[in-house]
Amino acid sequence: MPELLRPWVGQVTTPEAFVLLNQLGEISRRVAAAYGQFLRPHGIDFSEYVLLWALRLFDPRRPAIAELRGRVVMSSGGVALAVNRLERKGLARRRAAPSDRRSVLLALTPKGRRLIDGLIADDLDRHVERGLGLGAALALPKMPVPGVGWLAYLKDTEGNVLGLMQADPKAA
């Protein structure tokens, strides 16, 4: 079980809590479906995208799969299946940890890094376009923050400013 969910174990004791958890599950399914349309042309699904994102955040360090599991809200079986697919597609590579051969480390391949870096940039653009389509105004166009990533600001219909950031250490 992901560490993020551990505090909730045993807390579903009321009908309201049960309904809330079901609603969260439905939101999760809808997010995965929406991302599926974005990711399908790139040959990956939402769980693979989540793992690629997490690996990119660890990069260049290679996390143990157990450590990676603690950072994403996926079952151990879901992580294992997604890692298998990423490895088959040449997007990630498993290696035994040199200090403890029982531990398995996971790293992006150059192909996986290129894919996730491109998707991250496309995702920011997609969110900016979506905001503009909902009536927001562009307060500051997408710009690089060297060594950090990409940044854009939108102003919503009520005048609130929303900053959008995508990590990309190679942004210049």
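Within the range 133-171, the residues that satisfy the criterion of being closer than 26 Å to residue 55 by Cβ and either of a type in the set (Lys, Arg) or free of Cβ contacts under 8 Å to residues at least 12 places away in the same chain (or both) are 142, 143, 170. Scanning the range 113-135 for residues that are acidic (Asp, Glu) and under 18 Å from residue 162 (Cβ atoms), we see that the one that is surrounded by the most Cβ atoms within 10 Å (Cβ to Cβ) is 123.
Considering only residues in the range 4-25 that are within 18 Å of the chain's Cα centre (by Cα) and either assigned to a helix (DSSP H, G or I) or surrounded by 11 or more Cβ atoms within 10 Å (Cβ to Cβ) (or both), the one that is modelled with the lowest pLDDT turns out to be 4. Scanning the range 70-120 for residues that are under 10 Å from residue 51 (Cβ atoms) and among the charged types (D, E, K, R) turns up 71, 85. The residue pairs whose first member lies in the range 54-69 and is touching a residue at least 60 places away in the same chain (Cβ under 8 Å), whose second member is surrounded by fewer than 15 Cβ atoms within 10 Å (Cβ to Cβ), and whose beta carbons are closer than 8 Å, counting only pairs six or more residues apart or on different chains, are 69/76.
Give the number of residues within the range 56-67 that are part of a helix (DSSP H, G or I) and either at pLDDT 90 or above or exposed (fewer than 15 other Cβ atoms within 10 Å of the Cβ) (or both). Let's see the steps before the verdict.
Just the residues of the range 56-67 that are part of a helix (DSSP H, G or I), to begin with: 56-58, 65-67.
The next check asks that each one be either at pLDDT 90 or above or exposed (fewer than 15 other Cβ atoms within 10 Å of the Cβ) (or both); those that pass are 57, 66.
Qualifying residue count for the region: 2.
For residues that are farther than 16 Å from residue 122 by Cα and surrounded by 13 or more Cβ atoms within 10 Å (Cβ to Cβ), scanning just the range 136-152, find the one that is nearest to the chain's Cα centre (by Cα).
Selected residue: 148.
The values are calculated or read from the model by the stated rules, or taken from the named source; none is laboratory data. Keep in mind the model is a prediction, meaning the values are calculated, not measured. Methodologically, a virtual Cβ is constructed for each residue, glycine included, from the backbone with ideal geometry; neighbour enumeration extends over all protein chains shown.
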